[in-house]
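This report refers to the structure that appears directly beneath it.
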Amino acid sequence: MNDSAMPRTVPSKRFPRALHLPPAGRPRWVCPKNLKLDLQYLSWGKRRFGESGVPVSLHHGWVYCLVLRGSPILQFVSGAVEVPAGQILVLGPDCASGWAANSAESVAELLTWVWNGAPRCPGLGPAGGGFQTFTADRALIRMLQQIHSLCRRELEKPDALSALALEELRFRMDVAISRSRAPNRSAPEPALRLELALRWLAQNVQERNPVAPLCEYLQVSAVTLNRLFRSHLHESVAAYHTRFRMERASQLLKNDGVAVKEVAYELGYVHANDFSRAFKKFTGRNPSQRERHYPGAPKKKIS
């Protein structure tokens, strides 16, 4: 579904520009006339469009809808289209539309915003007053739910900074939706987390007990972190980090004249003997045995 599937413009004389509110008791917010805000309307929660539909009309601004549940029917002048859960709609103010359902029992759950100004990101606003749809993954849905919640919280007690706060939320929303169109923009969440984890471990090779600080960095539990490593690398975080550190030590000890004490300090050991024991346990040999491969070599500092 895209903005070319339906008429791009509708004669304004034929349809009124109206705001059709949900039935009494259904959650919504309408901007008071005394507030000069870009955000004009918010609604959320469950709707039965089969019982109380929204007639086709023009809008007072740019309408954003996220369908969380159900498959409501978006109606136009010359047709209608079913909108499944996980779809985001952006409708221009000159796109006459309304909502219906296949039956009176059909339940839909939507988040809706109506903004005065046009979308902030190029290409997000449909051409010619039409509409566009976007498919939202779980991360985008969570983000839009959070933004909607923050909008509601901001409007519970608006102040002199509310306009600026809502503008910031609008930018976040537009950027997030626009980025969702980019193919393969980022790796799936587990793969991205693993990449970040491996990068952190490489940059913190001196960390003796990496699990707790790495969990704090990634904002995950130790169980989740170890499950991630075992799933992709078939070893625990501690086992991976120990292997990485000992391999790093082996590389350093190959440098001409590098002392065992220098390598120990580089890897975060306070006492060189602790490093020697760990190195022997992992490799089966003392680190000093590697140094004797380079007799008489000049001393070098580790770079």
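Taking R0 as 45 Å, what's the FRET efficiency between Arg28 and Arg285 from their Cβ-Cβ distance, rounded to 0.05?
Once rounded, the FRET efficiency stands at 0.05.
Please report the relative contact order for region 189-291, taking Cα pairs under 8 Å with a sequence separation of at least 6, and give it as a percent rounded to a whole number.
So the answer I get is 23 percent.
Taking a quarter of the surface of the convex hull around the Cα atoms of region 118-266, what do you get in nm²?
Computing the convex hull of the Cα atoms and averaging its projections yields 14.4 nm².
Could you please rank Tyr64, Tyr240, Tyr265, placing first whichever residue has the fewest other Cβ atoms within 10 Å of its Cβ?
Tyr265, Tyr240, Tyr64
Want the number for His234 to Asn209: 0.36 nm per residue separation, take away the alpha-carbon distance, what's left?
So the extension gain works out to 7.1 nm.
Please list, ordered by chain and number, the residues whose modelled amide H lies under 5 Å from the amide H of Leu39; skip anything fewer than 5 residues away on the same chain.
Long-range HN contacts for Leu39: Asn116.
May I ask you to derive the FRET efficiency for Leu164 and Arg243 from their Cβ-Cβ distance with R0 = 51 Å, giving the value to the nearest 0.05?
The computed FRET efficiency comes out at 0.50.
Per the Kirkwood treatment, what hydrodynamic radius in Å, one decimal, follows for the chain from the mean inverse distance over all distinct Cα pairs?
Final number for the Kirkwood radius of the chain is 23.8 Å.
Just in region 7-98: which trypsin sites (Lys or Arg not before Pro) are loop by DSSP and have at most 12 other Cβ atoms within 10 Å?
Answer in residue order: Lys13, Arg14, Lys33, Lys36.
Only four residue types carry charge here, +1 at the Cβ of Lys and Arg and -1 at the Cβ of Asp and Glu. Report the dipole size of the chain about the Cα centre in Debye, rounded to the nearest 20.
Using Cβ point charges on Lys, Arg, Asp and Glu, the chain gives about 840 debye.
Taking 0.36 nm per residue of sequence separation and subtracting the Cα-Cα distance, how much length would be gained by fully extending the chain between His271 and His20, in nm to one decimal?
83.0 nm
Hey, if you drop one equal point scatterer on each alpha-carbon of region 97-142 and run the Debye formula without solvent, what base-10 log of I(q)/I(0) do you get at q = 0.13, 0.21 Å⁻¹?
Rounded to two decimals, the profile gives -0.48, -1.08.
Give me Asp174, Asp256 ranked fewest to most by other Cβ atoms within 10 Å of their Cβ, as a rough exposure proxy.
Asp256, Asp174
In Å and whole numbers, how far do the C-alpha atoms of region 40-138 stretch along each principal axis, longest first?
Between the extreme Cα coordinates on each principal axis of region 40-138 lie 38, 32, 23 Å.
Go ahead and estimate [θ] at 222 nm for the chain from helices alone: -39,500 (n - 2.57) per DSSP H run with n ≥ 4, summed, over the residue count, rounded to 500.
About -11500 deg cm²/dmol.
For q values of 0.10, 0.11, 0.18 Å⁻¹, compute log₁₀ I(q)/I(0) with the Debye formula on a Cα-only model of region 189-291, without solvent.
-0.30, -0.36, -0.83
What is the ratio of the Cα radius of gyration of region 94-195 to 2.2 N^0.38 Å, with N the residue count, to two decimals?
For region 94-195, the normalised Cα radius of gyration comes out at 1.28.
Please arrange Phe275, Phe76 by how many other C-beta atoms lie within 10 Å of their C-beta, fewest to most.
Ordered by Cβ neighbours within 10 Å, fewest first: Phe76, Phe275.
FYI, it's all coordinate maths here, none of it is from the lab. All values reported here derive from a predicted model rather than from experimental measurement. Glycine also receives a Cβ, built like all others from the backbone with ideal geometry; neighbour counts cover every protein chain displayed.
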